[in-house]
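Presented below is the structure to which this report refers.
The values are calculated or read from the model by the stated rules, or taken from the named source; none is laboratory data. All of these numbers come straight from a predicted model, not from anything done at the bench. Methodologically, a virtual Cβ is constructed for each residue, glycine included, from the backbone with ideal geometry; neighbour enumeration extends over all protein chains shown.
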Amino acid sequence: MGVKLIDIASVIRSKNSGPYELTLDIIFKNREWYEKIKKAKVIHPGLISRIYGLPEEDVREIIEFDPVGAIKINLKRPIVSGNIGDTDIYGAQQHAPLLGVEFSELD
Amino acid sequence: MKEIKVLSTTATLGYGFPPESFRAGLERGPDVIAVDAGSTDPGPHYLGAGVSYVDRKATYRDLSFMLKAGRDRKVPVLVGSAGGSGAEPHLQWTREIIREIAQREGLSFKLAIIHGEIDKEVVLKAFDEGLISPLPPTGPLRREEIVGSTHIVGQMGIEPFVKALEAGAEVILAGRSYDPAMFAALPIMQGFDPGLAMHMGKILECAAIAAVPGSGGDCMMGYLREDHFLLEALNPNRRCTPASVGAHTLYEKSNPYLLPGPGFVLDLRETRFEAYNERMVKVSGSRLRTVPYHIKLEGSKRVGFRTISIAGARDPVFIRQVDQTIQGVRKRVEENFSDIPSEKYRLLFHLYGKNGVMGRLEPQKEITSHELGIVIEAIAESQELANTICGFARATMLHYGYPGRISTAGNLAFLYSPSDVTMGAVYQFSVYHLIKVEDPCALFPMEIREIEGGKGWE
């Protein structure tokens, strides 16, 4: 059974973590989904690199945060906040590619 | 039971708070009232240009409430990262607001002003001595970035605040500060657990953002005890839940388990978030580990001048081949000004409805929108040249004859007359590095002043 990330997360957001990094947070609706996703290891640098069109080394970390049931993804900003050509100074609207993510098999 | 109460008024000084929430906070008898005024989030302009990103009247309003309440109740008021970026002009801007309030209200207090701007010579000396290191993903600092910066600030830790409190300061106005420092200084000075104090400060610096529903413009109270702290949203329509506070721990930071600060790492691996009652959260287990003392430096430099033009397009034939049209416009600009070397300016086209928000991270390549928002942007060494390039690109795009054109009167719908907007100097971050120090206060000189009935500023 396939499942869409947007159906199992209560928060999907992006924001600067300093001017050089973007941080993406996925907070799951409940512990069960969090544990399932964590165990299946389906959120990995390869996936993020593919949906953002970034080299894998720019996906700096993926951190599982047990106290909240959340997964955090840190990206190197393609353009530093406010540098010439930057289109999102606060980095608050870079989460959309995650909304379309779907997992086919979790078990 | 030992307890200290810290009142945080708002997420950023000038973002406001309901007077009822503030009153509710005062009724609970705070030991200190503190606010964070700053962030690098709004981008490099404010630090580089030396201006506040928050409105003056809004800052006056918030400070007015805080200073009066602080004097009424004999409770210290701490303001960190004055004016947003915390460099000297931002500090002076906020000092002037405090002076006006003190004069109008006839307030008396001992004022500590702690400077956050770091002289370039000091940074260059540290650079030469190898005391500056990069903060990944930034690379090594280059000498010309220091020299070219208009302002460099350092994020001070709690130590300068403690020094000011020990000197008897009743109002502390500080330049760029580590966000939790204003909230954690008095508790740590009084011997409370530094890990819990710093974690509580980390949450309080964003005030009610950690509540549900969250708000950047509402008050929050922290109650620090011996082995835990409690958080309470002071607006009855908000509450703190383990989920809301836990989620905030992720916010705007890279690693939620290990948070680096000046002289320490805050370790949240054993932290527990529990419901204390329906509206309050209990947090325990946060620990602080001391490490060699580093201060984060932030610098911004001017890179040119900007002119923009905002327009829209609704013609499907135009929208379909907009990329080729842009190429054609670029070519015409280069040909027309062939005497101007191309490195003297940059010409950018932002296409809303295509990839205006995400730029090169946008995965969707085809345009599906029936209209496009277009921002033509020129950045050049001088404002005149930026005006020239933007104006010529705008006129060329308006009348550009692309293949299959049916609407031969003009390609763009301009939003305004004048169609071009002069945006002034453009800045970018130049320094985002760590400097190693022996004395946490050495970079941050302090002045103490006795204000009597609003007087004593000269």
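Find the strands (runs of 3 or more DSSP E) located wholly in the stretch B:275-336 whose residues include 1 or more that are closer than 30 Å to B:Lys436 by Cα, and list them.
On the way: elements: B:280-284, B:287-290, B:294-313.
Strands (runs of 3 or more DSSP E) meeting the threshold: B:287-290, B:294-313.
Look at (1) at the interface with chain B (Cβ under 8 Å from one of its Cβ atoms); (2) in a loop (DSSP other than H, G, I, E, B); (3) within 15 Å of the chain's Cα centre (by Cα); (4) not basic (Lys, Arg) and you find that A:Ser81 fails only one, number (3). Taking the stretch B:97-149 as the range and being β-branched (Val, Ile, Thr) and within 20 Å of B:Leu63 (Cα to Cα) as the test, the residues that pass are B:Ile97, B:Ile98, B:Ile101, B:Ile113, B:Ile114. If the condition is being assigned to a strand (DSSP E or B) and more than 18 Å from B:Val303 (Cβ to Cβ), then the stretch B:371-389 contributes B:Leu372, B:Gly373, B:Ile374, B:Val375, B:Ile376.
Across the stretch B:239-280, the number of residues qualifying as in contact (Cβ under 8 Å) with a residue 40 or more places away in the chain and over 19 Å from the mean Cα position of the chain (by Cα) comes to 13.
Restricting B:Ser21, B:Ser64, B:Ser39, B:Ser85 to those that are in a helix (DSSP H, G or I), among the hydroxyl-bearing types (Ser, Thr, Tyr), touching an Asp or Glu at 6+ places or on another chain (Cβ under 9 Å) and farther than 24 Å from B:Phe229 by Cα reduces the list to B:Ser64. The condition (being modelled with pLDDT of 95 or more and under 30 Å from B:Glu450 (Cβ atoms)) is satisfied by just one residue among B:Val212, B:Val171: B:Val171.
Here B:Lys365 passes the criteria (1) closer than 30 Å to B:Leu135 by Cβ; (2) without any contact (Cβ under 8 Å) to a residue 40 or more places away in the chain; (3) within 14 Å of another protein chain (Cβ to nearest Cβ) except the one numbered (1).
Filter the stretch B:390-413 down to the residues that are touching a residue at least 12 places away in the same chain (Cβ under 8 Å) and part of a helix (DSSP H, G or I), then identify the one that is surrounded by the most Cβ atoms within 10 Å (Cβ to Cβ). Applying the filter and picking the extreme gives B:Cys390.
Annotation: B:Arg99 fulfils all but one of (1) touching a Phe, Trp or Tyr at 6+ places or on another chain (Cβ under 7 Å); (2) under 26 Å from A:Thr23 (Cβ atoms); (3) more than 14 Å from chain A (Cβ to nearest Cβ); the unmet one is (2).
Within the stretch B:105-139, the set of residues being away from every other protein chain (no Cβ under 14 Å), of a type outside the set (Asp, Glu) and assigned to a loop (DSSP other than H, G, I, E, B) comprises B:Gly106, B:Leu107, B:Ser108, B:His115, B:Gly116, B:Ile118, B:Gly130, B:Leu131.
Of the listed requirements (1) under 12 Å from the mean Cα position of the chain (by Cα); (2) over 25 Å from B:Ala243 (Cα atoms), A:Leu98 misses just one: (2).
Filtered by the rule that a residue be buried (at least 19 other Cβ atoms within 10 Å of the Cβ) and not polar (S, T, N, Q), the stretch B:55-70 gives B:Asp62, B:Leu63, B:Phe65, B:Met66, B:Leu67, B:Ala69, B:Gly70.
Would you please name the residue that is nearest to A:Glu21 (Cα to Cα), looking only at residues in the stretch A:47-70 that are β-branched (Val, Ile, Thr) and assigned to a strand (DSSP E or B)? Among them, the one singled out is A:Val59.
Just to be sure before I move on: is B:Ser309 touching a Lys or Arg at 6+ places or on another chain (Cβ under 8 Å), surrounded by 18 or more Cβ atoms within 10 Å (Cβ to Cβ) and within 14 Å of another protein chain (Cβ to nearest Cβ) in the structure I sent? Give the derivation first.
Working: touching a Lys or Arg at 6+ places or on another chain (Cβ under 8 Å): yes; surrounded by 18 or more Cβ atoms within 10 Å (Cβ to Cβ): yes; within 14 Å of another protein chain (Cβ to nearest Cβ): no.
No, not satisfied.
Taking the criterion of being touching a helix residue (DSSP H, G or I) at 6+ places or on another chain (Cβ under 6 Å) and either part of a loop (DSSP other than H, G, I, E, B) or crowded, with 20+ Cβ neighbours inside 10 Å (or both), the residues of the stretch B:212-230 that qualify are B:Ser215, B:Gly216, B:Asp218, B:Cys219, B:Met220, B:Met221, B:Gly222, B:Leu224, B:Phe229.
As a summary of the residue check, B:Ser133 satisfies the conditions (1) under 24 Å from the mean Cα position of the chain (by Cα); (2) buried (at least 19 other Cβ atoms within 10 Å of the Cβ); (3) more than 17 Å from B:Ala442 (Cβ to Cβ) except for the one numbered (2).
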